[in-house]
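Scroll down for the structure; my scribbles are underneath it.
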Amino acid sequence: MVSKSFRATVAGLACTTLIGAGLVTASPAEARPKMPRPCYTGKIICVDKSQRLIRLLVNGKTIVRLDARFGARSTPTNNGMFRVYWKNADHVSSLYGSAMPFAMFFSGGQAIHYSSDFARRGYSGASHGCVNTRDYSRMRTLFNNTPTGTRVYIYYW
């Protein structure tokens with residue numbers, strides 16, 4: 001009779017071998033993060049305020065993933081479902097005079113864009129309601145793969 005601990009040891013060794021061989025690359029939770037239902041259908045930018053992440057997804061598969069920073073308490077980033085209605089790769093804020101590279105506007109003056117301040121200071125700062133990113137190259141990739149009309153879902157999970 002084979003003991004339960006022996007079977008568990010064999011199973012553990014088999015998994016370790018598969019992972020070492022590159023046949024198992026991620027747990028199911030890592031392969032498909034837990035997100036609200038709209039994030040699994042079609043092309044969409046899902047902005048998770050709780051994890052401070054932006055994901056460009058196609059049918060639930062992550063295409064681009066970026067760190068995100070949001071508005072201050074006095075100028076919060078809106079939650080809800082929106083659409084990118086205007087894009088400008090070299091936008092400068094008319095209110096604050098700050099550069100907003102790769103701006104994708106989704107709600108009034110709120111946009112997803114690269115922020116040199118976020119890149120420099122990290123999470124110690126905040127935006128005036130925009131969704132800031134700090135990786136210039138990935139933000140350019142997001143911008144280039146997001147046509148006007150793409151859905152933007154901002155939530156706190």
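By its C-alpha gyration tensor, with a ≥ b ≥ c as the square roots of the eigenvalues, how is region 71-123 shaped: rounded for a/c under 1.5, else prolate for a/b larger than b/c, else oblate? Could the numbers behind the result be given before it?
Values: a/c = 1.65, a/b = 1.13, b/c = 1.47.
It is oblate, given that a/c is not under 1.5 and a/b is not larger than b/c.
In straight Cα distance, which aspartates and glutamates are under 16 Å from residue 34, not counting same-chain residues fewer than 8 positions off?
48
What order do you get for 85-91, 46-52 when each peptide is scored by the mean count of other beta carbon atoms within 10 Å, highest first? Write out the running numbers ahead of the final one.
Numbers: 85-91: 14.3, 46-52: 17.3.
Highest mean packing first, the order is 46-52, 85-91.
At 1.4 Å probe size, with the rest of the protein present, what percent of the exposed accessible area of region 41-101 is carbon and sulfur atoms? Let's see the in-between values first.
On the way: 1670 of 3380 Å².
For region 41-101, the apolar C and S fraction of the accessible surface comes to 49 percent.
How far apart, in nm, are the 7 Å Cα→Cβ label points at residue 59 and residue 135?
Computed distance between label sites residue 59 and residue 135 equals 2.4 nm.
Given an 8 Å cut-off on Cα distances and at least 6 residues of separation, report the relative contact order of region 26-104 as a percent.
On the way: 96 pairs, mean separation 12.7, N = 79.
Computed over region 26-104, the figure is 16 percent.
With a 1.4 Å probe and every protein chain left in place, work out the accessible area per residue of region 37-134 in Å², rounded to a whole number.
Values: 4840 Å² over 98 residues.
With the other protein chains kept in place, region 37-134 gives 49 Å² per residue.
The values are calculated or read from the model by the stated rules, or taken from the named source; none is laboratory data. All figures in this text were calculated on a predicted structure; none of them were measured in a lab. Using ideal geometry, Cβ is built from the backbone for each residue, glycine included, and neighbour counts are taken over all protein chains shown. To get the accessible areas, we keep the full protein, side chains included, count just its heavy atoms, and leave off ligands, DNA and RNA. Shrake-Rupley method; radii C 1.70, N 1.55, O 1.52, S 1.80 Å.
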